[in-house]
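Take a look at the structure below.
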Amino acid sequence: MKKSTKIIIAAVAVVAIIAIFCGVYFANRPQAQAGTKAYTVEVKDQDGNVKSYSGKTDAEFLRGLMDELAAAGDFSYTGSDGDYGLYIESVNGITADYNTDGAYWSIYVNGEYGMYGADQQPVADGDTFTFAYEVYVAE
Amino acid sequence: MKKSVYEIASLGMMLAIIEVAKRSLEFIPNVEIVTLLFILFALHFGKKVILVALAFTGVESMVWGINTWNVMYLYIWPLLILIVDLTRKHASYWFYCFLSAFYGLFFGALCSIPYFFIGGLVTQFTWWVAGIPYDVLHGISNFILCLVLFKPLDFALTKVRQSAQNL
């Protein structure tokens, strides 16, 4: 087989794999759910104290729900928008600074460690979201 | 110079180069030159570069802490080095360009393996799907970086090896 033919076959294979991956992604990516949904939001601070919020929301993604709660006044957050989406820096005035002591805010969805950031995490009816203050401790 | 001293020094230099190269591109998500460097190092120095990969995982663990990605690094980079070492007789410049591209595209799939043992197939699949846009970016950028940098870096490493033979 000619060298140029091999290169063309490899290039076509790369493009085909990208196309397949995009298809898989768009078929399985987090889907927003329209309409009113019941939610529970929990904030677990560094001492393990949990503050809960429950209600109904039309927000399709977690960040929208966070903005709704913040607008209501009893919840607050700060963060920075990076290439991977929102990086949560503080919740309810409690700042997690990884560079200082390895602390960070984790998102749990229905008790499971979240796979997505707040921008991409869809809100489904009955979901419980937990913002947990966690600290990386070196072994 | 004794061969063992030369080898220890060269492995240390490779580790330093890879660590600096990784840090220098960290501001661009999923664009990295580590894959290309491991390919080139494996091509020129063989399987012993696996030691560099393990040391690299150790250094990264000290910087970023222990998490699931440490497990991924323990097999992802040695696997790449083994592929390069096993295919060197039949490989060409274009082979390495496409190997870089495929490695970037399948990086997430390879990294998702520990999640199968943590949460089963659904967790593994969900984790992989979430990262597909970054895998595509990773594959394309790996291809371009190899296309542009493979030949000059290969030339430089050849010169280094030739000068080392005179030690």
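The values are calculated or read from the model by the stated rules, or taken from the named source; none is laboratory data. Because the structure is predicted, anything quoted here is derived from the model rather than measured. Glycine gets a Cβ as well: all are built from the backbone with ideal geometry, and neighbour counts include every protein chain shown.
At-a-glance table
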read-out: Some residue of the stretch B:141-151 being within 13 Å of chain A (Cβ to nearest Cβ), touching a His at 6+ places or on another chain (Cβ under 6 Å), closer than 23 Å to B:Leu37 by Cβ and among the aromatic types (Phe, Trp, Tyr); value: no
read-out: Answer residue from the stretch A:110-130, given it is modelled with pLDDT of 90 or more and crowded, with 18+ Cβ neighbours inside 10 Å and is nearest to the other protein chains (Cβ to nearest Cβ) among those; value: A:Gln121
read-out: Leading residue by the ranking (farthest from the other protein chains (Cβ to nearest Cβ)) among those in the stretch A:23-54 that are under 19 Å from A:Gln121 (Cβ atoms) and assigned to a loop (DSSP other than H, G, I, E, B); value: A:Thr36
read-out: Contacts under 7 angstrom Cβ, first residue in the stretch B:15-41 being touching a residue at least 60 places away in the same chain (Cβ under 8 Å), partner surrounded by fewer than 19 Cβ atoms within 10 Å (Cβ to Cβ) and outside any helix (DSSP H, G or I), 6 or more apart; value: B:Pro29/A:Asp83; B:Pro29/A:Tyr84; B:Val31/B:Leu25; B:Glu32/B:Leu25; B:Ile33/B:Leu25
read-out: From the options A:Ile20, A:Ile107, residue that is within 14 Å of chain B (Cβ to nearest Cβ) and either over 30 Å from B:Gly65 (Cα atoms) or among the small types (Gly, Ala, Ser) (or both); value: A:Ile20
read-out: Pick from the stretch A:68-100, criterion surrounded by 15 or more Cβ atoms within 10 Å (Cβ to Cβ) and among the charged types (D, E, K, R), ranking: nearest to the other protein chains (Cβ to nearest Cβ); value: A:Glu89
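One line per residue, one yes/no per condition, for (1) under 23 Å from B:Ser141 (Cα atoms); (2) surrounded by fewer than 20 Cβ atoms within 10 Å (Cβ to Cβ); (3) at the interface with chain A (Cβ under 10 Å from one of its Cβ atoms); (4) under 12 Å from the mean Cα position of the chain (by Cα):
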| position | (1), (2), (3), (4) |
| --- | --- |
| B:Lys47 | no, yes, no, no |
| B:Trp69 | yes, yes, no, no |
| B:Leu80 | yes, no, no, yes |
| B:Phe95 | yes, yes, yes, no |
| B:Phe98 | yes, no, yes, no |
| B:Phe102 | yes, yes, yes, no |
| B:Ala109 | yes, yes, yes, no |
| B:Phe125 | no, yes, yes, no |
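For every residue, the table says whether it meets (1) of a type outside the set (Asp, Glu); (2) in contact with a helix residue (DSSP H, G or I) (Cβ under 6 Å, 6 or more places away or on another chain); (3) outside the structural domain of A:Asp45 (by TED's automatic domain parsing).
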{"residue": "A:Ser76", "(1), (2), (3)": "yes, yes, no"}
{"residue": "A:Gly79", "(1), (2), (3)": "yes, no, no"}
{"residue": "A:Tyr84", "(1), (2), (3)": "yes, no, no"}
{"residue": "A:Asp101", "(1), (2), (3)": "no, no, no"}
{"residue": "A:Ile107", "(1), (2), (3)": "yes, no, no"}
{"residue": "A:Gly114", "(1), (2), (3)": "yes, no, no"}
